[in-house]
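**Q** First the structure, then my questions, so here it is.
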Amino acid sequence: MTSSEYQQSRNDNMGICRACGYEQSGCEPDARGYECEECGQKAVYGTEELLMMGKLEVDPPLDNPHDETEGFRREMIAEQQANIKFRKILEADHGQVWDTDQLREEFEVIGFMAPFVAVKRISDGVKGSMMFQHSPRFYYNWVGGDY
Ligand SMILES: [Zn+2]
């Protein structure tokens, strides 16, 4: 079984009967001794359990059958969603909002004077200021031409 097949099988809650080899659905990854729908023996084990028992070969081998990056990836997704939500709130209060990449496309940063940033609009050279906030970094409240 390849690592991706293993992950798939684990995510799909597939178990394998050690008596007849039948692949059974609805088995938690750590299931042990479930009754086989095919042969009736209590020999169905979850894929993760089989791997732990050394009864399943995965190629290439997994360093850790529990995906260590999973929690980290979940956190990143949660953070992105929080940022999107936060941006919507800023937009509702201040109109247009720029993230760092968008700011660089439209403006040249002249200087930071927290919570303000002095910028020059690249398209027409108009200087102005914006407010910014850290983490997530967003720029908003553009006021131009009063420098
Ligand atoms: Zn069986």
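No value in this document is a laboratory result; all are computed from the given coordinates. Computed from a predicted model, the values in this text were never measured in an experiment. Counting neighbours? That spans all protein chains shown, and the Cβs are built from the backbone with ideal geometry, glycine included.
**Q** At least 3 residues that are of a type in the set (Asp, Glu) and away from the ligand (no atom under 16 Å from the Cβ) in each: list the helices (runs of 4 or more DSSP H) lying fully within segment 1-108 that qualify.
**A** 69-94, 100-106
**Q** So Asn83 clears everything in (1) surrounded by 15 or more Cβ atoms within 10 Å (Cβ to Cβ); (2) more than 23 Å from the chain's Cα centre (by Cα); (3) not hydrophobic (A, V, I, L, M, F, W, C) except one condition, right? Which one?
**A** Every listed condition holds for Asn83 apart from (2).
**Q** Ala78: among the hydrophobic types (A, V, I, L, M, F, W, C), surrounded by 11 or more Cβ atoms within 10 Å (Cβ to Cβ), out of contact with any helix residue (DSSP H, G or I) (no Cβ under 8 Å at 6 or more places or on another chain) and under 30 Å from Phe116 (Cα atoms), yes or no?
**A** Judged against the criteria, Ala78 is not a match.
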